[in-house]
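The values are calculated or read from the model by the stated rules, or taken from the named source; none is laboratory data. Everything numeric in this text was worked out from a predicted model, so none of it was measured. Note that each Cβ is placed from the backbone with ideal geometry, even for glycine, and that neighbours are counted across all protein chains shown. Note: areas computed on protein heavy atoms with side chains; ligands, DNA, RNA excluded. Shrake-Rupley method; radii C 1.70, N 1.55, O 1.52, S 1.80 Å.
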Amino acid sequence: MLRPPAHAPNRIPFSIRRFARSMRRAAQRSAARHHPMKRFSAAFYTLSWVIMGFAFAFLVPMAWAWVGESPAHALTWLECAIFTFATGCWLWLRTREQRHELSIHDGFLLVNLVWIVLPAYAALPLVFTVHGIGWSHAYFEAMSGLTASGATGLSGLDVLAPSVNVWRCFLQWIGGLGVMLLAVAILPFLGLGGMQLYKAEVPGPMKDTRLTPRIAQTARGLWTIYFVLSASCLLAYRWGGMSWSDAFMHMCATVALGGFSSHDRSFGYWNSPQLEWTAVLFMLLSGISFARYFMVWRSRSLKAIARDTEVRAYVGVLALATMLVGLVLLFSHTYADYSTAIRQAAFQVVSIATTTAFSTTDYLLWPAFVPVFMLFLGCFVSCAGSTGGGIKMVRMLVLGRLAQRELVRIIHPHAVQPVTVGGAPVADRAVAAVMAFMLIYGGVMIALILLMLASGQDAVTAFGAIIGCLNNIGAGLGKVGPAGNYGSLTDFQMMLCAAAMLLGRLELLSVLVLFTPQFWRR
């Protein structure tokens, strides 16, 4: 009979130890792959660059504080800048070794992280410089700025530190076209792809359309147009009688369609028809897709705008709404002459419909039809690809054509009639996406209003606040109308409105996709 070698009993435990060690290492590698910081390392790595870049934004109000206030106030802004940059560096050090090409999951996660994290940094100087403000109110104010919503919980803006007002308005300018487009412009230097971010950030159902073959080139082109429009608005306001400081702040809020002001009375502070018509012009221009301006610049022709169905519908709805509101104001004897009525109507209608929410008067004192009608316009009038919020005009056009087709099918069940916009058929996938968006939009709006009511808010204010925040309009009804603000809301209500602004700015689906189990599965 053969016997095992004498050293065989020593091999068995050694093999078991080696097997256990290899299994332990495999488990550690698996855990590392499934750890969020490891799995989404590309998203966190890019986020670190965005945070470090955002730190330099604090230098703008710091300069204002140094020149017009005191070195102590300027030091507060500098400390916030250093803290922001340091945390960005820490995140960069943690993720620089694990970065990889951005996936669609990374893109959506990164967009959400940016819009959630940056307001937290932006709120820091408000906590230290605004007397009596709490963290929830400061975060709400910062979220309102970066989402270009214009909802504010602050009063006494005329006596507020100039650096704070500059910061609030500058945040809107940063967030107007989207912080992520700036990140997309620098992604090629990081060795990462950017088309995933463009699809997640650019609003509207036509986001798969490329303007240029390279996303960085597209981002630079859009930012160039944004800068040119901003400079033109700044000079127009200065020429109209504003100081350089007010012109800069209101330029930021106008081009971004945000609506923040350095005065409690907003544009009513000046009572200047010239400034009001200037604001109407630039709000109208900012409500049109910047992609159209890009095409005009490339083709050296206005046909890209003049023949665009969405732009024609946008201008037509605003013109008809202005005339209607003007007639209501005239016949209700709110104003004695039609010229004043049409001027007030044009400013208020364009301001609310484009989700800017500047005001020259308390329009809640007008006939009840008018403020509700204008709030309704703010839900859909802005063009996709503009700095405005809401459902977007192109979605309403698709829904209108779809409703028309279904009415025809009632009479002619076998008729083949595709949904078209501007004479071009809309893909069934895009139509389905619009229908899903509208279903989710209605459900989210109802849920948020019910939560606001459950928190103890009255019905008019709850409805106005959620509609105003979800569509990034800012001003609403009741306590949050043009003569009031969100300062009377509780901490829970403030955070609820902040969540509504986030959902509205990222158009719901980009946020809600994170709550699906499929997103987190490998």
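Tabulated data for the structure shown
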quantity	calculated
Virtual spin-label span in nm between S155 and H131, 7 Å along Cα→Cβ	1.5
Pairwise centroid distance, computed over Cα atoms, of the stretch 364-389 with the stretch 491-522, Å	23
Accessible-area composition of the stretch 373-471, carbon plus sulfur, in percent [1.4 Å probe]	72
Order by protection proxy (mean Cβ within 10 Å, highest first), peptides 276-284, 460-468	460-468, 276-284
Potential extension, S245-F56 segment - 0.36 nm per residue separation minus Cα distance	66.1 nm
Packing rank of 413-420, 395-402, where each peptide gets the mean count of other beta carbons within 10 Å, highest leading	395-402, 413-420
For the stretch 148-174 and the stretch 460-490, distance of Cα centres in Å	17
Full-extension gain in nm, S488 to D362, via 0.36 nm per residue minus C-alpha separation	43.6 nm
Burial order of peptide ranges 80-86, 137-143, 249-255, 511-517 (average beta-carbon count within 10 Å, highest first)	249-255, 137-143, 80-86, 511-517
Amide N of the stretch 115-159 lying under 16 Å from the label point, which is placed 7 angstrom from the Cα of A72 along Cα→Cβ	128-132
L509-L450 FRET efficiency (beta carbon distance; Förster radius 25 Å; 0.05 resolution)	0.75
Calculated FRET efficiency for the pair Q417/V372, C-beta based, R₀ 41 Å, to 0.05	0.75
Mean accessible surface per residue for the stretch 224-292, computed with a 1.4 Å probe while every protein chain stays in place, in Å²	36
Cut-off under 5 Å, modelled amide H: who pairs with T420 long-range	V426
Label zone at R298, where the point sits 7 Å out along the Cα-to-Cβ direction: the stretch 358-388 residues whose backbone N lies under 16 Å	385
Charge sum, other residues only, whose C-beta stays under 13 Å from S299's C-beta, Lys/Arg counted +1 and Asp/Glu -1	+4
Where D491, D337 fall by accessible area, highest first, once all protein chains stay in place (1.4 Å)	D491, D337
Stretchable slack from I410 to V315, in nm (0.36 nm times residue separation minus alpha-carbon distance)	31.0 nm
Two-site label geometry, Q274 and T87: point separation in nm, points 7 Å out along Cα→Cβ	4.5
Nearest-0.05 FRET efficiency for I116 and E79, computed from C-beta distance (R0 25 Å)	0.65
Solvent accessible area, Å² - D264, 1.4 Å probe, full protein context	80
Per residue, in Å², the accessible surface of the stretch 36-93 once ligands and nucleic acids are set aside, probe 1.4 Å	45
Alpha-carbon centroid distance for the pair the stretch 283-351 / the stretch 49-82, whole angstrom	38
